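Read the structure below first, then the notes.
The values are calculated or read from the model by the stated rules, or taken from the named source; none is laboratory data. This is a predicted model, so every value here is computed, not measured. Please note: Cβ atoms are built from the backbone with ideal geometry, for glycine as well, and neighbour counts cover all protein chains shown. To get the accessible areas, we keep the full protein, side chains included, count just its heavy atoms, and leave off ligands, DNA and RNA. Shrake-Rupley method; radii C 1.70, N 1.55, O 1.52, S 1.80 Å.
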Amino acid sequence: MSKFPEYSHEKSQEWFQRATKVIPAGIYGHLGPAEGLFIPVSKWPLFSDRAEGTYIWDVDGNKFIDYMCAYGPNVLGYGDPDVDAAFNAQNKLGNCLTTPSKVMVECAECLVDTVASADWCFFAKNGNDTTQTAVVTARAFTRRKKIIFFKGYYHGVSPWQAKKDYAGVLEEEVMHNIILPWDNIPLLEKTVAENKDQVAAIVAQPYDHGNFHDNVVMTNEYWAKVRKICDDNGIQLIIDDVRCGFRLDLAGSDHYFGFKADMICFCKALANGYNMSALMGRDHLKNTISGLSITGSYWLSAAPFAACIATIEKLKKINAPQMFDTMGTRLVNGLVVAAKENGFDLKATGKPALFYLRIANDDSLFLHQEWIAECVSRGVFLTSHHNHFMNAAMTDEDINHTLEVADDAFKAVKKNHPEI
């Protein structure tokens, strides 16, 4: 018998049925029951009620240790009092105003002082805004069209970064995209030579943290070679730090790997859940981006800037990257041991601050999905084929409880699959 009673989700299902009547698909995007790979759907909460620290509660009153952290934004803990106080104080003074608040300048100064490769800061709302703006800036600066991506990339939802077989995407919108494998410098050099003076930018995550495959961390030597190729050929190097940003290194993930990006994109961990993003870049691009016609209705709202300053200051005070690495290492090592004791080969890849999990006993991934669902139904919120996130509100007790739940979930799967 399971040590942890399984949750039920009747109210979640009721809310979902209501949602399907007024919202396309009920829940759209990667959080939808199918797109989010919540399999089987009956094991998952579909709607939240509240959150605090490292926990979320669903509409059925079930409590979860949340390792998705709202897919990244919850870096300090839900409802961090210092961040919320900064947000609320600025919100009382004014948020979305006719002219920018001075806190925008203070926020930009804070970020330029923090991020090693940044000489300027351009604000927006979503990660997609920053990657879109970075590519437009690179093309405007170089007067070139082609963009190099690495296999398994995700840099947002604009048509230019989609695949040509995606519904609604025109072939003309992706005709200048070149997709290469990670960690193949000779092929990268060959491709750049074959497209001499045509490549505007290379767009990449700090390492291969894609979905549905083990994550692979690049080396400093690899990035030094990519940087040289860009320098030798007038190519702008854009790092999409939307997911990793401030979790590996407060000075930016390019700094972590020992190089300088030309532009670097941030969003998720900037303001602990308050809505903002930032594109930062080097001085030679400042005049170019100044001349672009790019803006948004809420891009200069003031209260998130105050929240951002408070978030960055607190991340520095607690040395968050070291904390995440220490806690994440302890967690993933414990999960691997629990798996082995139950006959499963659990692979934990990527960086401990945002680890990726895969049960390797079964190439179909069904066993892995089953184990994840058993963890979720016992109060540990993981997802099947996405990396996970540590946050600063997590405690040793949370990790201990997670390992107990994981062991119980492994036993449940083992019972269903005695052949393992």
Residue 70 meets each of (1) within 18 Å of the chain's Cα centre (by Cα); (2) open to solvent by less than 50 Å² (accessible area, probe 1.4 Å); (3) under 30 Å from residue 50 (Cα atoms); (4) of a type outside the set (Asp, Glu) with one exception, condition (2)
What do you reckon, is residue 61 within 30 Å of residue 10 (Cβ to Cβ), modelled with pLDDT under 95, outside any helix (DSSP H, G or I) and not hydrophobic (A, V, I, L, M, F, W, C)? no
Can you run down the residue pairs with Cβ atoms below 8 Å, 6 or more apart or on separate chains, where the first is in region 280-294 and farther than 18 Å from residue 127 by Cα and acidic (Asp, Glu) and the partner is assigned to a loop (DSSP other than H, G, I, E, B) and open to solvent by 70 Å² or more (accessible area, probe 1.4 Å)? 283/119
Can you tell me which residue among 45, 73 is in a loop (DSSP other than H, G, I, E, B) and in contact with a strand residue (DSSP E or B) (Cβ under 8 Å, 6 or more places away or on another chain)? 45
Kindly list, by first and then second residue, each pair from a residue in region 325-351 that is farther than 22 Å from residue 69 by Cα to a residue that is open to solvent by 30 Å² or more (accessible area, probe 1.4 Å) and part of a loop (DSSP other than H, G, I, E, B), limited to pairs with Cβ atoms under 7 Å and residues at least 6 apart or on different chains. 339/345; 343/420; 344/361; 344/420; 345/361
Quick one: which residue in 393, 406, 373, 412 is in a helix (DSSP H, G or I), among the aliphatic types (A, V, I, L, M) and open to solvent by 10 Å² or more (accessible area, probe 1.4 Å)? 412
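Let me confirm something: among 377, 364, which residue is at pLDDT 95 or above and of a type in the set (S, T, N, Q)? Full working, then the answer.
Working: 364 fails: at pLDDT 95 or above.
Every option except 377 fails the conditions.
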I need the full set of residues from region 153-188 which are surrounded by fewer than 16 Cβ atoms within 10 Å (Cβ to Cβ) and in a helix (DSSP H, G or I), in order please. 159, 171, 172, 185, 186, 187
Candidates 254, 249, filtered to the one that is open to solvent by less than 50 Å² (accessible area, probe 1.4 Å) and in contact with a strand residue (DSSP E or B) (Cβ under 7 Å, 6 or more places away or on another chain): 254
Region 104-118, subset assigned to a helix (DSSP H, G or I) and in contact (Cβ under 8 Å) with a residue 12 or more places away in the chain, residue farthest from residue 255 (Cα to Cα): 104
Checking the structure you have, find out if any residue of region 87-97 is open to solvent by less than 30 Å² (accessible area, probe 1.4 Å), within 13 Å of residue 279 (Cβ to Cβ), touching a residue at least 40 places away in the same chain (Cβ under 8 Å) and in a loop (DSSP other than H, G, I, E, B). no
May I ask you to verify whether residue 171 is charged (D, E, K, R) and more than 27 Å from residue 282 (Cβ to Cβ)? yes
Filter region 6-39 for residues that are assigned to a loop (DSSP other than H, G, I, E, B), touching a residue at least 12 places away in the same chain (Cβ under 8 Å) and either open to solvent by 60 Å² or more (accessible area, probe 1.4 Å) or of a type in the set (A, V, I, L, M) (or both) and give the result. 6, 7, 27, 37, 39
